[in-house]
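Read the structure below first, then the notes.
Every read-out reported here was derived from the displayed coordinates using simple, explicitly stated rules and does not represent laboratory data. Predicted, not measured: the structure shown is a model, and the values here were computed from it. Here the Cβ positions follow ideal geometry from the backbone for every residue, glycine too, while neighbour counts run over all protein chains shown.
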Amino acid sequence: MSQHIKLSPEALKPLRQIDPMMMSYNVEFAEVTGGTFWKAYTPEQVAGTEDFYVEPSSEGIAAMYKDLMQVYPPIDLYNEKLRSLAAQLGPVWVRVSGTWATKTYYDFDGAMGGKVPEGYLNVLTKEQWIGVLDFVKAIGAKLIVSVANCPGLHSAEEPWNPSEAEKLFSLSREYGVPINAAEFANEPNMMEDTGFPKGYTPAHYRRDQDLFFRWLRANYPECICVGPSTTGGDNVSFGKMGGKSGGVEQLTKNTCNCADLLEGTSEPLDVFSYHYYNGLSERLASVMPAGHWQAEEANSEPYLATAINFAHTYAPLRDKYCPGAPMWVTESGDAGGGGDTWASTYLDVFRTLNELGGFAAVTDGVIFHNTLASSDYGFLARQIFDPRPNYFAVLLWNRLMGTTVYDAAEPVREGAHVYVHSRRDQKEGFVYLIINNSFTDTTTVELPKDAWRYTLCGRDGNMRATVMTLNGRPLTLGEGNSLPEMEPAAQAAGTVELAPGTCTFFVL
């Protein structure tokens, strides 16, 4: 059914102020060191003309990795194209973490010569870490990390020690690019599956997180303590089914909740963090079908509501364990397992922009998109760094949407997801984001005054297009990898029709 929206900027009421760096991103530790990550989809799978399927194994997800993963070389963080495109998104936080971070040995003196010590999974060289620091400095970002906590560092019964963390933090400080924030571990509620020592329990984790944050505050007091960085549990699910039947529990040996990781800890958090994905990708769908959404559902109300449901679930936990603190989503994307086949297409822009608008209306904080340039959900294509539709969508968000959030006074419904902010250029006025997620009906908008209009759509009306258009013009790089012109169209006051399957910013 077609929707009608009347914009009444004179009646807007402010809700909150948000972080100007709300839209940030991850650079996977596995990218920095080089290593195993999710195998890329074929062009036919991205287009939706070829199915993706992996035969389930009775031995679980680990036995299937040979068909789901491939080895990649380290990312070139000195690449001029990568740096230029990343800088355009600023200011941002850059999170260098992931499961590999828990199991990485810092071979900064070169003593190991590339050999992985027993109890670790991989090594990070001094040159690789300086590459991260140079990248962060070049784009004017802030840096957040997690640290090693694996069998090579200590056993479950032995307390965590800072011998590895000190290498990372001291080199960063000495180099002039200090680490600005840290999580103790990536997705600790998965226990041994995230790389912890054998027999590791929530009690061991609570002991060691306190040790880490106590050490951090004593030696690097300017660094923000972030946690617990959980994924799943807490009665949330990645997929259509609620509770544990739809969560990551079916993919892991044992999981726990926020309370298991935080109850009784003595070192308080400065920021509460969690991970959010709408579901599980086609790579993992055969193992847990209930966790996977079909492409035909990617514009549906239940699908788009997932991110906001997560935020509403975790906000009370933030209030309990970290009252008054910001809430960060330190990993976000359309699907766990490297992204869906459509993650690199226009179809995922609905989820991305709706997540930003909805999250800003619920709380303040930062959302770290996974990833900048790795796997199918990256803003940029791996190795060649061509921008995907989501890159241009968040570029527009960062350029247009200011830090004051207003109550749009419009119920969220199909065809009418409406979000309102101040102007990013700090001029008087407002910016409306209107998402028409109906693929069949137009949405009518009454504009009270002349405005600038930015309408996004898949090229040729294709929802799975790998190229997005702005006011009908394709968004692709020009000569010398220059960004395309992203100028608005003048829109006169009065009645405006928004075509099905479009996302439109109005600057008033």
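Kindly provide the helix-only [θ] at 222 nm of the chain, computed as the sum of -39,500 (n - 2.57) over DSSP H runs of four or more divided by all residues, to the nearest 500 deg cm²/dmol?
-7500 deg cm²/dmol
Below 14 angstrom from the Cβ of residue 20, what's the summed charge of the other residues (Lys, Arg +1; Asp, Glu -1)?
On the way: positive: 16, 142, 399, 423, 424; negative: 19, 364, 425.
That works out to +2.
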* Structure fact -> If unit charges are put on Cβ atoms (+1 for Lys and Arg, -1 for Asp and Glu) and the dipole of the chain is taken about its Cα centre, the option from 440, 338, 392 lying farthest towards the positive end turns out to be 392
* Enter the angle in degrees (range 0 to 90, nearest 10) between the Cα long axis of helix 389-400 and the first principal axis of the Cα atoms of the chain, meaning the one along which they spread out most. => 70 degrees
* To do: State whether the range 21-400 is rounded, prolate or oblate according to the following rule on the C-alpha gyration tensor (a ≥ b ≥ c being the square roots of its eigenvalues): a/c under 1.5 gives rounded; otherwise a/b larger than b/c gives prolate, and the remaining case gives oblate.
  => rounded
* Asked: residue 301 versus residue 471, label points 7 Å from Cα toward the beta carbon: distance in nm?
  -> 3.3 nm
* Asked: How far is helix 202-219 tilted, in degrees, relative to the longest principal axis of the Cα atoms in the chain, given as a value from 0 to 90 rounded to the nearest 10?
  -> 90 degrees
* Structure fact -> Distance in nm between residue 499 and residue 13 label points, each 7 Å along Cα→Cβ, equals 3.8 nm
* Under a point-charge model restricted to the Cβ atoms of Lys and Arg (+1) and Asp and Glu (-1), what is the dipole moment magnitude of the chain relative to its Cα centre, in debye to the nearest 20? -> 760 debye
* Structure fact -> Distance in Å, no decimals, from the C-alpha centre of the range 411-470 to the one of the range 364-383 is 22 Å
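For the chain, the longest stretch holding no trypsin sites (Lys or Arg not before Pro) located in a DSSP loop with at most 15 other Cβ atoms within 10 Å is which?
On the way: sites that count: 115, 198, 253, 427, 449.
Segment 254-426 is the longest.
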* Angle between the chain longest axis and helix 126-138 axis [Cα atoms, degrees, rounded to 10] -> 30 degrees
* **Bridge type composition, the chain - antiparallel percent by DSSP, nearest 5** => 50 percent
* Based on Cβ point charges of +1 for Lys and Arg and -1 for Asp and Glu, what charge dipole magnitude is obtained for the range 1-99 about its Cα centre, in debye rounded to the nearest 20? -> 620 debye
* Which one of 128, 314, 505 has its Cα pushed farthest toward the positive end of the charge dipole of the chain, where Lys and Arg give +1 and Asp and Glu give -1 at the Cβ? -> 505
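DSSP loop chymotrypsin sites (Phe, Trp or Tyr not before Pro) in the range 58-146 with at most 14 other Cβ atoms within 10 Å of their Cβ, which ones? Let's see the in-between values first.
Values: sites: 65, 78, 93, 100, 105, 106, 108, 120, 129, 135; in loops: 78, 108, 120.
The qualifying sites are 78.
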* Structure fact -> Surrounding charge for residue 110, neighbours by C-beta under 10 angstrom, Lys/Arg +1, Asp/Glu -1, total -2
